[in-house]
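One structure is given below, encoded as structure tokens.
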Amino acid sequence: MLLTTAIVALAGLWQLPVDAIPSPSFDITSLLSQKSNNWAEGTVISFPNSPTFVNSTTRWNTYDEPTYLAAVSPATEADVAKVVKLASAFNVPFLATGGRHGYTTTLGNLQKGLAIDLGQFKSYSIDKAAGTLTVGGATTLHDFQDALYEAGYMIQSGSISCPGYVGVTIGSGVGRFQGVFGLVADALVSARLVTADGRVVEVSKTQNPDLFWGIRGAGANLGVITSATYQAHKLVNQGQMLNADLIFPANKSKEYFDVLGSLSGKMPEKLAVITLVVYDPVAQAAQIIANWVYIGPKDEGLRVLAPVLALNPSVSNIQVVPWNKLVTVAAFGADALLCPRNQSHNTYWTTLRNLSSSTFQTTFEKVNTFYKQYPDGRATTLNLETFPNQATLAVPDDSSPYPWRDALGHFQIGISTTSNNAANDPTAQAGDLLARQLRDGLAATSGYPELTVYVNYAHGDEKLRQKYGERKLPRLVGLKKKWDPRNVFRFNNDLPTQL
């Protein structure tokens with residue numbers, strides 16, 4: 001079927017849900033190769049077994065990953081709109097990606113689909129007078145942080161440098177600076193977005209304000225963002241902050257978690273703590289690698305850190321660093337270890353309003369036992385992000401879809417084994433079971449009535465209300481019905497069009 005002939009049927013197709021549209025009678029190669037597509041110069045169409053295809057589809061996580069029959073790397077915003085409209089009209093399942101760091105298992109529901117690679121949208125610009133930052137759909141913190149610092153500004157971010165900044169935003173964007181600046185999504189001023197029917201629209205508080213509300217927490221369900229503008233912040237303490245990297249052996253874990261738990265309900269706004277549990281091959285046991293950051297003067301920070309420093313860590317590295325170097329320096333440079341692609345990550349997270357030291361210690365002990373019982377699973381890690389919520393709570397709850405503004409922490413269990421075949425690997429199966437049990441235990445003392453999770457951290461098996469919050473769901477579902485009634489954006493923790 002020629003594309004020009006098939007266009008006649010588009011009006012009727014748009015009235016049908018995706019599942020009701022008959023399967024196309026052409027292959028995807030023919031669809032994308034039609035001359036009438038008039039792709040812009042620089043737009044690249046690629047297919048499996050080619051280097052370009054590999055570069056356009058390789059993900060950070062290979063666990064339950066999507067698979068593709070073709071990839072389009074648009075060179076222009078118009079071509080992003082064109083390929084979305086084309087794929088939607090002809091019932092071709094697709095996923096648009098920037099940094100490709102999303103790891104929810106719902107992405108694996110896309111099999112033999114179309115990849116829309118935003119890799120050519122990796123630009124940024126800074127308006128120094130206005131203090132704003134505009135980034136492309138695939139731009140990362142690593143791309144712009146140095147330039148923003150040199151311009152005299154800083155901005156909230158996630159915990160590592162390599163995810164797409166827009167990708168962080170559309171889930172809301174938790175991170176070290178949220179006690180001072182709020183969520184990443186709170187800094188969003190406007191965006192350009194391709195809708196499900198292939199239109200390009202501006203979204204802001206004054207233009208399509210309903211859509212602007214929705215993309216700051218459920219954006220993966222509502223469109224493809226090609227560019228976004230943020231309000232940056234003048235440097236705090238000239239952009240300098242205290243970074244303390246500490247290591248504690250297993251016999252100090254209870255004391256450490258007691259100190260961390262003492263912050264529950266009274267965490268200073270300028271403090272951020274990330275706690276990793278990893279296997280120590282020398283001691284043949286679990287150990288704690290702790291990163292404590294104070295976003296202010298060194299002397300103030302040392303007073304705040306005094307209780308944890310009094311535990312006499314086995315390794316201590318304390319230094320003052322500029323904010324643009326923090327992410328890559330923190331936790332002994334863990335960013336470089338966390339960013340490589342094509343790894344398998346089976347992750348489960350729980351969001352916490354309460355920091356329960358006894359639950360943290362129990363979780364630590366169970367993972368330590370797992371290390372002993374399953375040597376092939378010693379790459380398994382725990383990751384507890386503990387961030388203050390003062391600035392996050394200062395933003396009205398109804399200003400965005402994010403339902404957990406009172407959260408203080410996010411706890412990850414990351415199962416990793418030496419096997420490439422998790423389905424038939426006893427260690428991977430035992431690890432998955434353990435992770436679910438630990439998640440349940442953490443949820444029980446989280447301070448929330450049931451399991452809750454920041455949507456960017458969702459495993460994919462959680463209930464809708466556990467990801468989006470029960471009070472936010474009716475408005476989100478209404479937005480989904482309005483902006484994506486055929487649910488073409490359905491592979492990243494998708495929302496229904498009715499409850």
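The values are calculated or read from the model by the stated rules, or taken from the named source; none is laboratory data. What you are looking at is a predicted structure, and each value in this text was computed from that prediction instead of being measured. Don't worry about glycine lacking a Cβ; one is built from the backbone with ideal geometry, like all the others, and counts go over all protein chains shown.
In region 280-325, the qualifying residues are those that are in contact with a strand residue (DSSP E or B) (Cβ under 7 Å, 6 or more places away or on another chain) and polar (S, T, N, Q), and the one that is farthest from Tyr374 (Cα to Cα) is Gln319.
For Thr380, all conditions in the list (1) in contact with a strand residue (DSSP E or B) (Cβ under 6 Å, 6 or more places away or on another chain); (2) closer than 16 Å to Tyr457 by Cβ; (3) among the hydroxyl-bearing types (Ser, Thr, Tyr) hold save one; what is the number of the exception? Thr380 satisfies every listed condition except (2).
Being in a loop (DSSP other than H, G, I, E, B) and without any contact (Cβ under 8 Å) to a residue 40 or more places away in the chain is true of Ala283. Looking at Thr328, Thr351, just one residue is within 30 Å of Gly447 (Cβ to Cβ) and among the polar types (S, T, N, Q), and that residue is Thr351. In region 138-168, of all residues being assigned to a strand (DSSP E or B) and over 14 Å from the mean Cα position of the chain (by Cα), the one that is surrounded by the most Cβ atoms within 10 Å (Cβ to Cβ) corresponds to Met154.
Please work out which residue is nearest to Asp64 (Cα to Cα), limiting yourself to region 394-444 and to residues that are touching a strand residue (DSSP E or B) at 6+ places or on another chain (Cβ under 8 Å) and among the polar types (S, T, N, Q). Per the stated criteria, the residue is Ser416. Please determine whether any residue of region 194-202 is of a type in the set (Val, Ile, Thr), in the same structural domain as Trp404 (by TED's automatic domain parsing) and over 19 Å from the mean Cα position of the chain (by Cα). Within region 194-202, none of the residues are of a type in the set (Val, Ile, Thr), in the same structural domain as Trp404 (by TED's automatic domain parsing) and over 19 Å from the mean Cα position of the chain (by Cα). For region 315-329, the set of residues classified as surrounded by fewer than 21 Cβ atoms within 10 Å (Cβ to Cβ) and either at positive phi or under 19 Å from the mean Cα position of the chain (by Cα) (or both) consists of Thr328 only. Checked against the criterion of being buried (at least 17 other Cβ atoms within 10 Å of the Cβ), assigned by TED's automatic domain parsing to the domain that holds Asp245 and outside any strand (DSSP E or B), the candidates Phe360, Phe332 yield just one match: Phe360.
Only one of the listed residues (Val83, Val135) is within 17 Å of Thr43 (Cα to Cα), outside any loop (DSSP other than H, G, I, E, B) and among the β-branched types (Val, Ile, Thr). That residue is Val83. Looking only at residues in region 53-80 that are among the hydroxyl-bearing types (Ser, Thr, Tyr) and in a helix (DSSP H, G or I), the one that is farthest from Gly102 (Cα to Cα) is Ser56. For region 385-405, filtering for residues that are over 19 Å from the mean Cα position of the chain (by Cα) and among the charged types (D, E, K, R) leaves 2. Residues that are at pLDDT below 95 and aromatic (Phe, Trp, Tyr) do occur in region 86-93, at least one of them.
Looking at region 371-394 only, could you name the residues that are surrounded by fewer than 18 Cβ atoms within 10 Å (Cβ to Cβ) and farther than 30 Å from Thr418 by Cβ? Passing the criteria: Gln390, Leu393, Ala394. Scanning region 42-93 for residues that are over 22 Å from Arg341 (Cα atoms) and acidic (Asp, Glu) yields a total of 2. Where helices (runs of 4 or more DSSP H) sit wholly within region 403-499, those with at least 3 residues that are touching a residue at least 60 places away in the same chain (Cβ under 8 Å) and closer than 23 Å to Val168 by Cα occupy 473-483.
Residues that are among the hydrophobic types (A, V, I, L, M, F, W, C) and assigned to a loop (DSSP other than H, G, I, E, B) were ranked within region 97-132; the one that is farthest from the chain's Cα centre (by Cα) is Ala129. Please tell me if Lys254 is assigned to a helix (DSSP H, G or I) and assigned by TED's automatic domain parsing to the domain that holds Tyr457. It is true that Lys254 is assigned to a helix (DSSP H, G or I) and assigned by TED's automatic domain parsing to the domain that holds Tyr457. Return the total of residues in region 371-397 being part of a helix (DSSP H, G or I), of a type outside the set (S, T, N, Q) and within 23 Å of Leu271 (Cα to Cα). Result for region 371-397: 4. The conditions are (1) in contact (Cβ under 8 Å) with a residue 40 or more places away in the chain; (2) among the β-branched types (Val, Ile, Thr); (3) in contact with a strand residue (DSSP E or B) (Cβ under 6 Å, 6 or more places away or on another chain), and Val168 fails exactly one of them. Which is it? That leaves (3) as the condition not met.
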